[in-house]
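Just so it is clear, none of the values below were taken in a lab; they were calculated from the coordinates. Computed from a prediction, not measured in an experiment: that's the story for all the values here. Glycine also receives a Cβ, built like all others from the backbone with ideal geometry; neighbour counts cover every protein chain displayed.
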Amino acid sequence: MPSMVSWRLRGGAQRVRYRYVHQPNWGKIPVKAPPFAYVRATSLDQVFDLKAQHGDDARILAGGQSLMAMLNLRLDAPELLIDINGLDALKGIDEDGDAVVIGGLTRHVELERSALVATHLPLIAEAMPNIAHPAIRNRGTIGGSIALADPAAELPACVVALDAEIKLVSGAGERTVKAREFFHGLYDTARNDDELVAAVRVPKSPVSRRYFFSEITPRRGDFASAGLAATVEIDGDTMSDLTLVFFGLAGRPILAARTGDAASGAALTGDIDQIIGQVHAVLDEELETQADLHSSAKMKSHLARVLTKRALTQFAAGRS
Amino acid sequence: MDETTVISCTVNGEAVEEIVPARLNLVDFLREKLDLTGSHVGCEHGVCGACTVRLDGVIVRGCLTLAAQVNGATIETIEGVTATGEVADLQEAFLARNAAQCGFCTPGMVMSAAELLTVNPDAGRAEIRDFLSGNYCRCTGYQAIIDAVETTLAGRKNGGSTT
């Protein structure tokens, strides 16, 4: 056996021996997060009641892949964590007529491996492997990603591109907000603090539609410096309804509607570089990028051009 | 409100029942309370992968999961998968290829690679790289690690031999 075998297991001992002794002196145990209370919620009503009691001092714990990091870094100090991971009503991927409804607690790995998503939401299927790393995708949830609204997150851009609807629930009832009206700015959304993302309703994508998803990251799985979720209809050689949603460029996903409109009707034949040039010209005017730690606004604008070129090149190569 | 909580779970096949502070991370619980120090603590915010453990059969970040959350769950650590022999061939390949240099990332790498071996037995080098992208090796011994995983994948296809 190799040397990495724990020394405590040597000598043929197959049984791991633990210290079960209760240690009242917690001072010896390292902790990262500030102290908080914890409730394992067993019903949505319990979550609503606790939110009503504690307000902004309580946080909802879904996959925890961003919240736990923030707590470990002490960027947040709630009094209470309400763990919703046991709420099965918020889980699952189902067909509902011309849409696919994804429960807020559905984990990234489930979307990645879902046959329904692969068939009806190919853009999301393509985006999933780009989200962080396997261990993170095993825990992270779509509801968490959308509620947090990290500017570099993939799923917010996808739901904007696919014109999905976000279903929010609270003690006051439920309401639906269009994804295109949901993301307001940096970590700022239409969601009120007492609301949960219960589900995301995504229209099934027509078979004729083409998709492009790509992002540019310092390391595979890192937060994107720039990303693009794009869809288009191609009839013969002609593009229509080009939808370009950029992420990682500013505080929220950006739907470049003017650029999409300008490119609609363009034929993807002949000199593709000329079409790309025309699209870039509109894009340069429309996009407003913001610098982050790793890239300047100018670099982000450049990366947006690069991604747009790749998208149009892919669409041209795959036409009819 | 109570800042401690009771958990009862199965760790490497053994039942464990403990009172834990709500804010205690799973990896700290495993290391400090159960003395399972094979899982390492690196960045503590989900970036490095040194704390990778299995929760109900799938790998998770031990630093982004609370001990409080594993009530009723099954946990496996590097000690557990070593004891069962599940990753013996992978560990042998790591040794043969000198894929463990300082060894700090190794338990996390093995836990991640073990999942790849089951979810994608046909993985090529690019897919191995992709799958292990969430595990940092600061000795930068990546080529050897990928070699070791590749060898193990090939060995399992050929009926279990890694040599």
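Summing +1 for each Lys or Arg and -1 for each Asp or Glu among the other residues whose beta-carbon sits under 9 angstrom from that of A:ARG139 gives +3. Charge tally around A:ILE276: other residues with Cβ under 11 Å, Lys/Arg +1 each, Asp/Glu -1 each, net +1. Per-residue mean of foreign Cβ neighbours for B:64-74 is 5 (Cβ atoms of other chains, 10 Å radius). Neighbouring Cβ atoms from other chains, within 10 Å of the Cβ of residues in B:29-35, number 4 on average.
Averaging sequence separations of C-alpha pairs under 8 Å and six or more residues apart, then dividing by the length of the stretch A:134-293, give the relative contact order as a whole percent. Result for the stretch A:134-293 is 21 percent. Helices assigned as whole DSSP H runs in chain B whose Cα atoms extend at least 15 Å along their own long axis and whose mean Kyte-Doolittle hydropathy is 0.0 or higher are found at B:106-119, B:142-157. DSSP finds beta bridges in the stretch B:4-77, and of those with both partners inside it, around 90 percent are antiparallel. In a simple Cβ point-charge model (Lys, Arg +1; Asp, Glu -1; nothing else charged), the protein assembly as shown has a dipole of about 1420 debye relative to its Cα centre.
Using the Cβ-Cβ distance between A:ARG113 and A:ALA190 with R0 set to 45 Å, the FRET efficiency works out to roughly 0.90.
Taking every DSSP helix (H) stretch of at least 4 residues in the protein assembly as shown, weighting each as -39,500 (n - 2.57) and dividing the sum by the residue count yields a mean residue ellipticity at 222 nm of -9000 deg cm²/dmol. Taken over the stretch B:4-77, the alpha-carbon convex hull comes to 69 cubic angstrom per residue. Each distinct pair of alpha carbons in the stretch A:93-203 adds a 1/r term; the inverse of their mean, the Kirkwood radius, is 13.8 Å.
The stretch between A:ARG258 and A:GLN46 holds 71.8 nm of extra length on full extension. This uses 0.36 nm per residue minus the Cα-Cα distance. Mean sequence separation of contacting Cα pairs (under 8 Å, at least six apart), scaled by the length of the stretch B:4-77, corresponds to a relative contact order of 40 percent. Expressed as an acute angle from 0 to 90° and rounded to the nearest 10, what is the orientation of the C-alpha long axis of helix A:44-54 relative to the principal long axis of chain A? Approximately 80 degrees, to the nearest 10.
Taking the inverse of the mean reciprocal distance over all distinct Cα pairs, the Kirkwood hydrodynamic radius of chain A comes to 21.6 Å. Write out the trypsin sites (Lys or Arg not before Pro) in the stretch B:67-163 meeting two conditions: DSSP loop, and at most 15 other Cβ atoms within 10 Å of their Cβ. Filter output for the stretch B:67-163: B:ARG138. The ratio of the alpha-carbon radius of gyration of chain B to the globular-protein estimate 2.2 N^0.38 Å is 1.05.
Note on the stretch A:139-189 and the stretch B:1-36: Cα centroid distance 33 Å, given to the nearest whole angstrom.
Find the relative contact order for chain B and round it to a whole percent, using C-alpha pairs within less than 8 Å whose residues are 6+ positions apart. Reported as a whole number, the value is 22 percent.
By its C-alpha gyration tensor, with a ≥ b ≥ c as the square roots of the eigenvalues, how is the stretch A:31-83 shaped: rounded for a/c under 1.5, else prolate for a/b larger than b/c, else oblate? The shape class here is prolate. Here the stretch B:119-163 and the stretch A:247-320 have alpha carbon centers that stand 36 Å from each other.
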